[in-house]
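Accompanying notes for the structure given below.
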Amino acid sequence: RKEVEQDPGPFNVPEGATVAFNCTYSNSASQSFFWYRQDCRKEPKLLMSVYSSGNEDGRFTAQLNRASQYISLLIRDSKLSDSATYLCVVNMGTGMLTFGGGTRLMVKP
Amino acid sequence: DAGVTQSPTHLIKTRGQQVTLRCSPKSGHDTVSWYQQALGQGPQFIFQYYEEEERQRGNFPDRFSGHQFPNYSSELNVNALLLGDSALYLCASSLGGKETQYFGPGTRLLVL
């Protein structure tokens, strides 16, 4: 079983749609959680950290459920520029990041 | 403020050869982590360097080794290259190793 699991997609959505990605992690001792965005043939870039209380950054909302070991990302009012691969990332607290395989999003006009 | 830089951007090698990749961390950062990203997969942790020592290591063979210099820059060395070593090699820097990691643009290695 992979330590961090994501649906690879692709998710094909029209502009303006709301889309949600989910991720599960296997190690209950995981301490911090992130969503990174990766454009084709580029490096991952931090999108946002994820907290149990939930956090929002503009059109993006992230949520952590420690009991279910489940992380989510919601994107509202999708833009063409949101097309990318979204990586769910877990840190055990040691500094070693564990990545999911990524979920590919394609926003169509 | 310069971000994380890596060199070279692309590299082609043949099986059995050795390669050295380089990374300069973001200004003010003292920790460098290396990741391997195969096509279609998420990055996998190779190792992390802090205070010129390897602090943590992922599930990679001894053919993968590294070094950190006093100016915090780092090198990744891979010996006896295999076809399966073809990947994007990413360097990430952070302060203290446990804070947010910022990635460089990567080095794309192709082993023929």
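The values are calculated or read from the model by the stated rules, or taken from the named source; none is laboratory data. Keep in mind that what you see is a predicted model, and the values were worked out from it rather than measured. All Cβ positions, glycine included, derive from the backbone under ideal geometry; neighbour counts span all protein chains shown. To get the accessible areas, we keep the full protein, side chains included, count just its heavy atoms, and leave off ligands, DNA and RNA. Shrake-Rupley method; radii C 1.70, N 1.55, O 1.52, S 1.80 Å.
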Need one value for B:38-47: mean number of C-beta atoms belonging to other chains within 10 Å of its residues' C-beta atoms. 5
If I take the Cα coordinates of the protein assembly as shown and project them onto the principal axes, what are the three extents in Å, biggest first? 48, 40, 34
Which value, in debye to the nearest 20, gives the size of the charge dipole of chain A about its Cα centre, when Lys and Arg are +1 and Asp and Glu are -1 at the Cβ? 160
Whole-number percent relative contact order across chain B, with pairs defined as alpha carbons under 8 Å at least 6 apart: 37
Across segment A:6-18, in residue order, what do the Karplus-derived ³J(HN,Hα) couplings come to in whole Hz, using 6.51 cos²θ - 1.76 cosθ + 1.60 with θ = phi - 60° and x for Gly and Pro? 9, 6, x, x, x, 9, 9, 10, x, 3, x, 6, 9
For segment B:1-81, the percent of all C-alpha pairs falling in each 5 Å bin, from 0 up to the bin holding the max distance, is 3, 14, 23, 26, 21, 9, 3, 0
With a 1.4 Å probe on protein heavy atoms only, work out how much accessible surface A and B bury together, total over both chains, in Å² to the nearest 100. 1400
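I'd like the mean, over residues of A:6-17, of how many other protein chain beta carbons sit within 10 Å of each residue's own Cβ.
Details: counts 1, 0, 2, 0, 0, 0, 0, 0, 0, 0, 0, 0.
Average neighbour count from other chains, rounded to a whole number: 0.
Quick one, can you get me the convex hull of the C-alpha atoms of chain A expressed as volume per residue in Å³?
On the way: hull volume 10.4 nm³, N = 109.
Normalising the Cα hull of chain A by residue number yields 96 Å³.
Return the carbon/sulfur percentage of the accessible area of the protein assembly as shown, one whole number, probe 1.4 Å, all protein chains in place. Working shown, then result.
Working: 5260 of 10680 Å².
After summing per-atom areas, the C and S share lands at 49 percent.
When only DSSP loop residues count, what trypsin sites (Lys or Arg not before Pro) in segment A:8-109 have their Cβ near at most 14 other Cβ atoms within 10 Å?
Values: sites: A:37, A:41, A:42, A:45, A:59, A:66, A:76, A:79, A:104; in loops: A:41, A:42, A:59, A:66, A:76, A:79.
Here the trypsin sites (Lys or Arg not before Pro) that fit, given the DSSP loop and packing criteria, are A:41, A:42, A:59, A:66, A:76, A:79.
I'd like the Kirkwood hydrodynamic radius of segment B:11-53, using the inverse of the mean 1/r over distinct C-alpha pairs, in Å. Spell out each step's value before the answer.
On the way: mean 1/r = 0.0783 Å⁻¹.
By the Kirkwood definition, the hydrodynamic radius is 12.8 Å.
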Any cysteines in chain A with zero other Cys Cβ atoms under 4.7 Å from their Cβ? List them, or say none. A:40
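Residue A:28: net charge of surrounding residues, Cβ under 13 Å, Lys/Arg +1, Asp/Glu -1, itself excluded?
Values: positive: A:66; negative: A:3.
Residues close to residue A:28 contribute a combined charge of 0.
Counting other Cβ atoms within 10 Å, keep those with at most 13, restrict to DSSP loop, and tell me which trypsin sites (Lys or Arg not before Pro) in segment B:25-112 are left.
Values: sites: B:26, B:55, B:57, B:63, B:98, B:108; in loops: B:26, B:63, B:98.
Passing both the DSSP loop test and the Cβ count: B:63.
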